[in-house]
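Peer 1: Below is one structure. I have some questions about it.
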Amino acid sequence: MTEAVHTGMAANILNYVFPNDLHVHWSLMIVLYPYITGIIAGAFIVSSLYHVFKVQDLKPVSRYSLLFALAFLACATWPLLNHLGHPERNWEMLITPNPTSAMAGFGYIYSLYAILLIFEVLFIYRPTMVALKAQSTGKLKTLYNILTFGSEDLSPRSIALDKKIIAFLAAVGIPMACILHGYVGFIFGAVKARPLWSSPLMPVIFLLSASVSGIAGVIFSYVLIQKYKGRPVDSKCVITLSKFLWGAFIICFTFEMLEIFQHSYLKTHHWDMIHGLLWGPLKTSFWRMQVGICSLIPLFLLGILIIFKVREKAFVFFATIASGLLLLQVLLMRWNVVIGGQLMSRSSRGFTTFHPAFFEKEGILPAILIMAAPLVILWLLGKIMPMWEDNQPSTEPTTRT
């Protein structure tokens, strides 16, 4: 009897969780926030590979990737606003910034990047919108007039100036995209109270995973849209994107594993808790789902497609599957970092649990709606600005008689 009591007391001590650690405060909305910003940064990099580095094979998706990034950019702050108790006060962060607050810096970075991305889209589409304005009437003509700043000059000199501005904006946008998502990783890595987050590799991992999710998102959505519309898929473009995706993911996956190995090798006083977390509450979502299914399968699948000679149709099919798995992999990585980091009690003696509800404010349904919103915005943008190079109206100046 006495031995049983002592055993029960020992179990309670080993699984003790502080009362203020029972609830996970940063829930699904904070999982979606870095996921969406990562897709934005990665998609912008795809466009910059064509506009800055002149990778001609990516021309078919050079415009689409920008609209893809812009659609997700419009919704990037929605998870944070939904998470706030008083979202109407969010603007105060910008007009009365606190220098010691990391989120205040994000507000300025996000705003500057949004302005840059919008102007790059407008300059790229200016010849197209000038041609569409000439074919439109009523409110649509007024809209195109606003988007083109009232200019109809399509002379060679004007087009050459536009290209220089586009190249400049794309070049400046690359470090800004890196800062945008690297800063998100910095926010998590700077939280010393969470051992799973407090790592100098966190900004690097977030940035690399952003490249993976953005490239994978462009491949996955591009192929599905083309198949749905019955249009041909540019195989050369998908092959080139897949090569960049495979390279980015090799580096990303290596750093993800290095972070775990670093914790294991250093064996700080938090290692027992981190080990217990990875092989306990996160065993399925991390080792089986993130590493096993969504990392190793696309890693070897893309390797086989790129190293060996595969028919183009088969390449596109399997590259699309690999892209879908990598989109899920990055989402699982966000879940395991954001939610997993909060499952460890600061008592260092136990773990809490988290099961998101479906209809609650930060539950599964709002998360689905927020992730669907960029797709709706992308569809609306496609109605105003043609996504594909071979679907552009003629920009040849018309002569009046």
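Peer 1: Is region 247-256 home to any residue that is at pLDDT 90 or above, in the same structural domain as residue 349 (by TED's automatic domain parsing) and small (Gly, Ala, Ser)?
Peer 2: yes
Peer 1: Of everything in region 139-155, what is surrounded by 15 or more Cβ atoms within 10 Å (Cβ to Cβ) and aliphatic (A, V, I, L, M)? Give them in sequence order.
Peer 2: Once the filter is applied, which keeps residues that are surrounded by 15 or more Cβ atoms within 10 Å (Cβ to Cβ) and aliphatic (A, V, I, L, M), region 139-155 yields 143, 147, 154.
Results for (1) touching a helix residue (DSSP H, G or I) at 6+ places or on another chain (Cβ under 7 Å); (2) within 28 Å of residue 223 (Cα to Cα); (3) not aromatic (Phe, Trp, Tyr), shown as yes or no for each residue.
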| site | (1), (2), (3) |
| --- | --- |
| 88 | no, no, yes |
| 94 | yes, no, yes |
| 116 | yes, yes, yes |
| 131 | no, yes, yes |
| 148 | yes, no, yes |
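Peer 1: Any chance region 296-307 includes a residue that's at pLDDT 95 or above and either under 20 Å from the mean Cα position of the chain (by Cα) or within 26 Å of residue 27 (Cβ to Cβ) (or both)?
Peer 2: Scanning region 296-307 turns up at least one residue that is at pLDDT 95 or above and either under 20 Å from the mean Cα position of the chain (by Cα) or within 26 Å of residue 27 (Cβ to Cβ) (or both).
Listed here are the residues, each with its yes/no results for (1) in contact with a strand residue (DSSP E or B) (Cβ under 8 Å, 6 or more places away or on another chain); (2) outside the structural domain of residue 127 (by TED's automatic domain parsing); (3) surrounded by fewer than 20 Cβ atoms within 10 Å (Cβ to Cβ); (4) under 30 Å from residue 121 (Cα atoms).
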site	(1), (2), (3), (4)
284	no, yes, yes, no
295	no, yes, no, no
321	no, yes, yes, yes
375	no, no, yes, yes
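Peer 1: What single numbered condition from (1) modelled with pLDDT under 90; (2) out of contact with any Gly (no Cβ under 7 Å at 6 or more places or on another chain) fails to hold for residue 121?
Peer 2: Only one criterion in (1) modelled with pLDDT under 90; (2) out of contact with any Gly (no Cβ under 7 Å at 6 or more places or on another chain) is unmet by residue 121, namely (1).
Peer 1: Is there any pair linking a residue in region 56-84 that is without any contact (Cβ under 8 Å) to a residue 24 or more places away in the chain and assigned to a helix (DSSP H, G or I) to one that is surrounded by fewer than 23 Cβ atoms within 10 Å (Cβ to Cβ) and of a type in the set (S, T, N, Q), with Cβ under 8 Å and at least six apart or on different chains, and which?
Peer 2: 81/90
Peer 1: If we keep just the residues of region 214-228 that are free of Cβ contacts under 8 Å to residues at least 24 places away in the same chain and more than 13 Å from residue 387 (Cα to Cα), which is surrounded by the fewest Cβ atoms within 10 Å (Cβ to Cβ)?
Peer 2: Ranking the candidates gives 228 first.
Peer 1: Restricting attention to region 143-159, does a residue exist that is over 25 Å from residue 378 (Cβ atoms) and acidic (Asp, Glu)?
Peer 2: yes
Peer 1: Right, another one. Given the options 276, 280, name the one that is among the small types (Gly, Ala, Ser), in the same structural domain as residue 335 (by TED's automatic domain parsing) and not in a helix (DSSP H, G or I). Even if it seems obvious, please write down each step before you answer.
Peer 2: Details: 276 fails: not in a helix (DSSP H, G or I).
The match here is 280.
Peer 1: Okay, next question. Can you tell me which residue among 234, 162 is of a type in the set (Asp, Glu) and closer than 26 Å to residue 324 by Cα? Quick ask: steps written out before the conclusion?
Peer 2: On the way: 162 fails: closer than 26 Å to residue 324 by Cα.
That would be 234, the only listed residue that is of a type in the set (Asp, Glu) and closer than 26 Å to residue 324 by Cα.
Peer 1: I've got another one for you. When you look at residue 119, is it among the aromatic types (Phe, Trp, Tyr), buried (at least 17 other Cβ atoms within 10 Å of the Cβ), closer than 20 Å to residue 176 by Cβ and in the same structural domain as residue 68 (by TED's automatic domain parsing), yes or no? Steps first, answer last, please.
Peer 2: On the way: among the aromatic types (Phe, Trp, Tyr): yes; buried (at least 17 other Cβ atoms within 10 Å of the Cβ): no; closer than 20 Å to residue 176 by Cβ: yes; in the same structural domain as residue 68 (by TED's automatic domain parsing): yes.
So residue 119 fails the test.
Peer 1: Could you tell me which of the residues 310, 338, 316 is closer than 26 Å to residue 297 by Cβ and surrounded by fewer than 17 Cβ atoms within 10 Å (Cβ to Cβ)? Walk me through how you get there before you give the answer.
Peer 2: Numbers: 338 fails: surrounded by fewer than 17 Cβ atoms within 10 Å (Cβ to Cβ); 316 fails: surrounded by fewer than 17 Cβ atoms within 10 Å (Cβ to Cβ).
Sole residue among the options that is closer than 26 Å to residue 297 by Cβ and surrounded by fewer than 17 Cβ atoms within 10 Å (Cβ to Cβ): 310.
Peer 1: Can you tell me how many residues within region 118-176 are without any contact (Cβ under 8 Å) to a residue 12 or more places away in the chain and among the charged types (D, E, K, R)?
Peer 2: Number satisfying all stated conditions: 6.
The values are calculated or read from the model by the stated rules, or taken from the named source; none is laboratory data. The model shown is predicted, which means the values in this text are computed figures rather than measured ones. Here Cβ is always computed from backbone atoms with ideal geometry, including for glycine, and neighbour counts include all displayed protein chains.
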